[in-house]
Amino acid sequence: MSAKVGWQTLIWLAVSQCLIMLSIWSHIDRSALLVCLSCWGWQIAKELGYPINAIKYLIVAVTLYLCFDRVVHIQQLGVLSVMASLLVLGFSLKLLELKYRRDIFALVLVGCFTIALSCLFYNDTLHNIQASVLFIINIGVSLILVRQSVNNQQIVKQLAKMVLVSLPLTLLLFYFFPRLPPLWSVNQNSPTEIGLSDSMSPGNVTKLTQSNELVFTARFEHTPPDNSALYWRALVLEDFDGETWQQNPMRKRLTNHNWNGDRQLNPVFKQGTPLRYTVTALGSDQPWLYGLDRVTLDSKELAVARDYSIHKFGQSDNIQYQAQSFLKAPLNSPISIYERRLNTQVPAGNPRTRAWVNELREQGLSGQQVMAQVMQRFAQQNYRYSLEPPKMFTPQQDDFLFNKKVGFCMHYASAMATIARLYGLPTRVVLGYQGGVVDAKHNTLSVYQYMAHAWVEVWLDELGWQRYDPTSVVSPTRIGAGFDDYLDEQLQQYSDDYSFAFRLRNQAWFQALAQWSQQAQGLSDWFSGYNQQKQTQWMEQMFGDKAQQGRSWILASGLLLILMVTAWWLGLFRKSTTAGAYQQQYQLLCGQLRRYDIELSDGETPKSLLTKVAQQYPHSKSAAMAFYKEFERVEFGQGPQQIKRLKLAKRALLKSLSAG
């Protein structure tokens with residue numbers, strides 16, 4: 001290939017690379033995107049005939065500095081984020097050396113790796129479709145290089161044929177090829193990852209990020225319960241140093257030790273009708289999963305800890321499990337001395353809060369009465385719920401309770417837990433999600449990161465663990481109707497303070513798209529949950545005791561059928577092919593050119609031969625190039641019409657030669 005790439009190839013490359021970059025836009029450094037744009041600017045200038053080497057060297061120098069900076073700060077940025085940025089930088093720099101066909105093939109190959117990288121960040125139906133389309137477009141660039149002098153319509157047709165041929169093979173291998181566990185996995189966590197963590201410091205947070213990333217879906221056996229009952233427990237925080245709540249290290253070790261035995265470490269008192277549902281959780285390296293309170297599981301791969309949280313054993317990919325919850329049953333398993341001491345520890349400080357608790361103690365109130373007093377205080381003394389609270393100053397609980405009075409769920413849960421512990425009541429903070437977007441038609445709901453929530457559980461000797469959610473009295477809409485309705489309410493009052501993404505919810509087209517996405521999620525859940533166990537069960541249902549033989553027979557016969565169809569499509573079974581016809585026309589032309597002292601040399605290509613004709617007979621140059629163009633076209637799409645045009649081009653060339 002010459003130094004100029006050609007506008008057709010360049011346009012396809014630009015479309016492919018821009019779409020690939022958009023697919024991982026939120027997970028890579030903006031400086032990497034600026035480098036990509038700079039490389040494209042230089043390449044376009046080069047194609048126009050104005051290459052500026054000084055700018056090229058500057059781009060390379062800046063890129064090397066960025067690479068060095070990312071590697072130095074890999075611990076702060078996260079390994080996966082840094083690797084993604086380095087791949088994008090390399091993807092961009094390759095644009096500076098597009099001289100030969102192999103350079104473009106290398107760029108296409110790196111594009112395929114980048115598309116695969118995007119699948120590490122997203123794993124849902126819409127993104128899987130998007131990644132497939134991007135991969136097809138990327139392959140289209142290769143087709144331009146292999147099949148030169150073709151129009152875009154022919155490229156699209158060829159890509160469509162490739163998809164039609166590959167789809168049956170993909171489905172056959174997906175359903176019947178043995179499902180193997182992953183040989184390796186990637187740690188997707190980074191210090192900037194949005195979502196739940198095993199600690200919280202509400203006083204230091206001044207803005208709660210609203211992420212609309214999907215966390216899990218739940219499909220209920222019957223109608224889902226009301227939003228106010230949807231408290232999805234993830235983990236329990238019991239250690240408190242005055243500012244930060246976190247999981248207790250000893251509890252972690254005890255839980256891990258006991259996993260070798262009973263997987264239901266805290267038995268549930270089965271009272272009332274169980275609520276049965278199937279959860280499909282997106283891949284995460286965090287050890288916790290999600291379930292409604294009083295949950296029991298039917299899985300050997302998961303465990304319910306003593307604090308009723310669900311834990312998994314190291315899986316980082318999507319996981320599906322069946323659960324049932326007894327929402328009316330009490331959480332009143334006996335509390336140990338260690339648990340009582342752990343959940344009543346309060347560090348020194350917060351004198352105003354302590355003084356108010358002492359006033360309650362002087363009244364001789366019971367535990368229930370104290371908690372009622374706290375809930376009443378939050379409801380009646382002008383406390384506000386806000387996603388952008390002011391920073392709390394030390395002592396933080398005093399500043400929140402008596403000065404700022406503005407915060408979100410973590411502020412209220414932390415303040416209530418502190419008050420209860422000061423009164424001597426064992427108390428813990430629970431993190432999870434509250435509510436969900438319901439698809440009533442399919443009894444399914446979707447839970448997103450922005451639905452993260454915190455509440456409190458207090459041990460009352462006569463009742464056991466009791467849930468108290470102060471957010472329910474500060475912002476009843478948030479709990480009763482859901483976070484989305486709360487945002488609608490806020491948007492009407494503070495339209496400039498909230499994310500544009502949430503404003504789209506009121507658009508009809510966006511609601512239709514969201515409904516379609518929820519319906520498609522059921523299919524995505526099935527695909528993500530199709531593991532080795534389900535495949536084995538399906539094979540046994542179809543073939544009984546001969547499941548292995550049946551699978552082998554289907555694979556062999558299916559592959560043979562696909563190969564035969566592909567061979568027929570390529571024309572291998574045809575007795576008289578157009579491939580022979582167009583080669584015959586070329587051989588006839590070679591024989592007739594001998595009359596004009598033009599001999600075909602050994603190993604000479606059609607392009608070289610016709611270039612020789614144009615050089616020796618300048619008046620026939622256009623006719624020679626027209627024949628070569630038709631010859632290339634018939635190689636790409638063989639058919640009667642192409643052969644006919646090739647014959648006409650041959651006659652026009654011979655006529656031009658004889659006229660000269």
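First select every other residue whose beta carbon is under 13 angstrom from the beta carbon of residue 223; then total the charges, Lys and Arg +1, Asp and Glu -1.
Details: positive: 219, 276, 441; negative: 221, 226, 439.
In short, 0.
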### Task
Could you tell me the largest-minus-smallest coordinate of the C-alpha atoms of region 1-109 on each of the three principal axes, in descending order and whole angstroms?
43, 29, 20
### Task
Just the ratio, please: alpha-carbon radius of gyration of region 365-423 over 2.2 N^0.38 Å, N its number of residues.
1.10
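Between residue 317 and residue 340, what length comes free when the chain is fully extended (0.36 nm per residue of separation minus the Cα-Cα distance, one decimal in nm)? It would help to have the intermediate numbers written out before the result.
Details: separation 23, 0.36 × 23 = 8.28 nm, distance 3.63 nm.
Value of the extension gain: 4.7 nm.
With r defined as the distance between the Cβ atoms of residue 651 and residue 560 and R0 fixed at 56 Å, what FRET efficiency is calculated, to the nearest 0.05?
On the way: r = 44 Å, r/R0 = 0.79.
FRET efficiency, residue 651 to residue 560: 0.80.
Longer than 21 Å from Cα to Cα, which of 99/621; 157/647; 607/650 are they? Say none if no pair is.
Numbers: 99/621 27 Å; 157/647 24 Å; 607/650 14 Å.
Violating the 21 Å Cα-Cα cut-off are 99/621; 157/647.
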### Task
Report the relative contact order of region 1-101, percent, no decimals, based on alpha-carbon pairs under 8 angstrom and at least 6 residues apart.
47
### Query
Given 10 Å bins starting at zero, what is the percent of C-alpha pairs of region 334-438 in each, up to the one with the largest pair distance?
13, 43, 34, 9, 1
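What does the charge count around residue 352 come to, taking other residues whose C-beta lies under 14 Å from its C-beta (Lys +1, Arg +1, Asp -1, Glu -1)?
Details: positive: 354, 377, 404, 405; negative: 359, 398, 399.
Result for the local shell: +1.
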### Message
Please report the accessible area of residue 213 (heavy atoms, 1.4 Å probe, ligands and nucleic acids excluded) in Å², nearest 10.
### Response
80
### Query
How big is the accessible area of residue 277 in square angstrom, nearest 10, if you roll a 1.4 angstrom probe over the protein chains?
10
### Query
Of the peptides 417-426, 303-312, how do they stack up when ordered by the mean number of other Cβ atoms within 10 Å, highest first?
417-426, 303-312
### Task
With a Förster radius of 51 Å, plug the Cβ-Cβ distance of residue 173 and residue 64 into 1/(1 + (r/R0)^6) and report the FRET value to the nearest 0.05.
0.75
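Please list the equivalent ellipsoid semi-axes of region 379-463, computed as the square roots of five times the alpha-carbon gyration tensor eigenvalues, in descending order and whole angstrom. Kindly include the intermediate steps, with their values, before the conclusion.
Values: eigenvalues 155, 76, 21 Å².
After scaling each eigenvalue by five and taking roots: 28, 19, 10 Å.
Can you tell me the FRET efficiency between residue 619 and residue 583 if r is taken as the Cβ-Cβ distance and R0 is 22 Å, rounded to the nearest 0.05? Can you show the working numbers first?
Details: r = 28 Å, r/R0 = 1.25.
The computed FRET efficiency comes out at 0.20.
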### Query
Taking N as the number of residues in region 347-392, what value does Rg over Cα atoms divided by 2.2 N^0.38 Å take?
1.39
## Note on the structure
Length gained if residue 73 through residue 223 is fully extended, taking 0.36 nm per residue and subtracting the Cα-Cα distance, is 49.1 nm
### Query
Could you give the nm distance between label points at residue 159 and residue 273, where each point is 7 Å from its Cα heading toward the beta carbon?
5.2
### Query
Around residue 213, which amide H atoms from residues at least 5 apart in sequence, or from another chain, sit under 5 Å from its own amide H, with H modelled in the peptide plane?
449, 450
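Ranked highest first by the average count of other Cβ atoms within 10 Å around their residues, in what order do 600-608, 41-49, 400-408 fall?
Values: 600-608: 11.1, 41-49: 14.9, 400-408: 20.1.
Most protected by this proxy first, the peptides run 400-408, 41-49, 600-608.
Kirkwood hydrodynamic radius of region 69-118 from all distinct Cα pairs, in Å? Walk me through the intermediate numbers first.
Details: mean 1/r = 0.0849 Å⁻¹.
Hydrodynamic radius (Kirkwood, Cα pairs) of region 69-118 is 11.8 Å.
The values are calculated or read from the model by the stated rules, or taken from the named source; none is laboratory data. The structure displayed is predicted, hence computed values, not measured ones. Neighbour counts are summed over all protein chains in view; Cβ atoms, including those assigned to glycine, are modelled from backbone coordinates with ideal geometry. These area figures cover heavy atoms from the full protein model, side chains too; ligands, DNA and RNA do not enter into them. Shrake-Rupley method; radii C 1.70, N 1.55, O 1.52, S 1.80 Å.
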